[in-house]
1. Taking Cα atoms, how many degrees apart are the long axis of helix A:288-297 and the longest axis of chain A, rounded to 10 and kept between 0 and 90?
2. Express the Stokes-Einstein translational diffusion coefficient of segment B:125-281 in µm² s⁻¹, to the nearest whole number, given a Kirkwood radius over alpha-carbon pairs, 25 °C and a viscosity of 0.890 mPa s.
3. I want to verify a result. In a Gaussian network model of chain B, Cα cutoff 10 Å, which of these has the top mean-square fluctuation: B:Leu237, B:Leu19, B:Leu193?
4. Roughly how many debye, to the nearest 20, is the charge dipole of segment B:1-151 about its Cα centre, given +1 on each Lys and Arg Cβ, -1 on each Asp and Glu Cβ, and no other charges?
5. Once both labels are modelled 7 Å past Cα along the beta-carbon direction, what's the A:Met309-B:Ala95 spacing in nm?
6. Provide Rg over Rh for segment B:160-206; use the alpha carbon set for both Rg and the Kirkwood Rh (inverse mean inverse pair distance).
7. If exposed GluC sites (Glu not before Pro) are those in a DSSP loop with at most 12 other Cβ within 10 Å, what is the longest stretch of chain A that has none?
8. Peptide A:19-25: average number of partner chain Cβ atoms within 10 Å per residue?
There are 2 protein chains.
Amino acid sequence: MSTAEQPPSIESAIPPHLLDPARRPKHRPGTYTPPYPSFSARFDQKVTAVVMAYLGVQARDPSDPRLVGELGALREALAREDGPVSWDRAAYTDAEGYYTVISIAYWDDPAAFREWNRAHGEPWIAPGHPTEGLGFFLELVLPSIERVETVFSAPERPEGVAGTAYGFSGTIEEHFYWGSARDRLPAAQRDPLWADGDSTLTETGPVRSVVLHRNACLIRSGQDITETGPTEREFYLAEVEPVLREGMDFLVAEGATIGCLDNRYMTVLDEADAPTDRTFGMSWWRELSALEEWAASHPSHLRIYGAGMRHLSGFGGDTRLRLYHEVTVPSGAEQRFVYAGCHDRTGVLKAVR
Amino acid sequence: MSTAEQPPSIESAIPPHLLDPARRPKHRPGTYTPPYPSFSARFDQKVTAVVMAYLGVQARDPSDPRLVGELGALREALAREDGPVSWDRAAYTDAEGYYTVISIAYWDDPAAFREWNRAHGEPWIAPGHPTEGLGFFLELVLPSIERVETVFSAPERPEGVAGTAYGFSGTIEEHFYWGSARDRLPAAQRDPLWADGDSTLTETGPVRSVVLHRNACLIRSGQDITETGPTEREFYLAEVEPVLREGMDFLVAEGATIGCLDNRYMTVLDEADAPTDRTFGMSWWRELSALEEWAASHPSHLRIYGAGMRHLSGFGGDTRLRLYHEVTVPSGAEQRFVYAGCHDRTGVLKAVR
């Protein structure tokens, strides 16, 4: 058999050193092949935890001249030698009309983050920093590596936390079926990851801090049409994006009724802080099962899923649309949120007040 | 608080004596309330296994005069003092055009079944019994009680295996969400119930016997419109039944591609062997996860589910439609199938030949 004739190798999304022999995914390992390939980011074995620092600024007036200065200074801090392994920046306008830019920085070493944070992260959310019309926040997630899973439609162009990975897995087995995100999460091999305990809110002057209950769930789920040709691009923008936007709007308006604590539908910015062809939704959920139920059952997500499937099946092997997501289920000690001078409905603040 | 104001009690579908403290259902026990109540059959604690005997006859010519005699004799055998705890009879015409009547008998004691079977079940499928144009079969499932789960929309009028139960649970927690059937199955608390091993087919003259692999999965899923008023009945027959039939037809025609080994969409017969207003689908699946995936993902089932939801939400508290199902995942030793003089595509024969 020549190399070309060999069947594609298939592997677990969970890397070998984190595989639990007692796990029980939906399908017996080795017996299921998803209808199209997907890949997970692979982190060095020495990585035991990653850091996701969502450094945000909100402006009542998007043309506020101070915004450019704040974003420029933060860019410099993030580009430092002792800065994050990878980072990107994205923007959206929230439901209250505040233009919001979030710089998302990733480390594969919490100690390195703490060092940088003392000098550059803490001032961002210092009590003196916010001024009339601008608010600053840091949403910080430091999950153990067992509490993160990623999936990519192509084994290239890492986004999000995958920017700190060394590469990608082969074709993974836990994909396509409802429940596969849980089967990809190493921590879910033995733990049902139920929400546990209460969230806390602490107010100190203009600075409000939140620690969510244990096992809240964050998803960042993105799409990139940079490489699409005109036909595919037009199909995506006409048939997929509006349905995606409608689902994102549903989560903003009514997510609270189904366990969605916050949702942002964001556009990635380039090095000049101009919009790119890459977007993502990021949302916090009461627990993984609430996200799973929205995904598998709610009309607003089933429409997104249907539109995406029509796109993928229509373009088949010619598809240049790239999709990815990362799901994180931090313990209670692995997340905290600081909002300095932000309005009451910023981020997860609205869910705990 | 008066009695009327007390919140409805809610309990696990798994009876207390079979609850495993290590189980991990989708939702932490005590934290989820389905949007409408459902109930599980409750069996006496001394019941460790039940028997489901599907005694079938197929006729190339539905007006074959021998059919009446065969069915009358079997009715007498089933009505005997030493007969099953409960039984019913249903009919359909299979894809090959054979009119098929199955008498489904339930015991809560395998020893009692064996006694009756020696005298009345074995002759049904004896090599001399089949004659030109008629085929006889026994599809026998003897699951341990941990391998059966049931769900009913109303805690009354037991159907199927629930006829051997002493009554119903209170409102159950594991219901409505995808994956809830697995959470109701006591055996699934520790076992992923993956398909395992091979099926075997043995031929002895006109008698062919099948033993499926371990953890094949049987569902009987029924609907009863006996009590509906004219408006509800008309809605069901115009809006729900055709969609259900279409899904059943899909499983017959193409089920093999998604792990469905056999499907029958049957009408329950009354004591004079005339059709009633009660119908059910019964299907065998490669394993529980294949059934779960059809239910949660396949358009043919999502349409059935959507039509059912429109019915239930449209009639609300006035609904008289009754729904139920039972799911069974027998081990390899807990099922066997004997087909005497039957055509090649009868029951699970088509899946193993």
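What follows is calculated from the coordinates using simple rules that are stated; it is not laboratory data. What you are looking at is a predicted structure, and each value in this text was computed from that prediction instead of being measured. All Cβ positions, even for glycine, are placed from backbone atoms using ideal geometry, and neighbour counts span all protein chains on display.
1. Result, in degrees: 60.
2. Details: Rh = 18.9 Å.
Reported coefficient: 130 µm²/s.
3. Highest fluctuation of the listed residues: B:Leu237.
4. With Lys and Arg at +1 and Asp and Glu at -1, about 540 debye.
5. Roughly 2.1 nm, to one decimal.
6. Values: Rg = 17.1 Å, Rh = 14.6 Å.
Rg/Rh for segment B:160-206 comes to 1.17.
7. Details: sites that count: A:Glu81, A:Glu132, A:Glu156, A:Glu271.
Maximal segment without exposed cleavage sites: A:157-270.
8. Values: counts 0, 0, 0, 1, 1, 7, 3.
What the average comes to for A:19-25 is 2.
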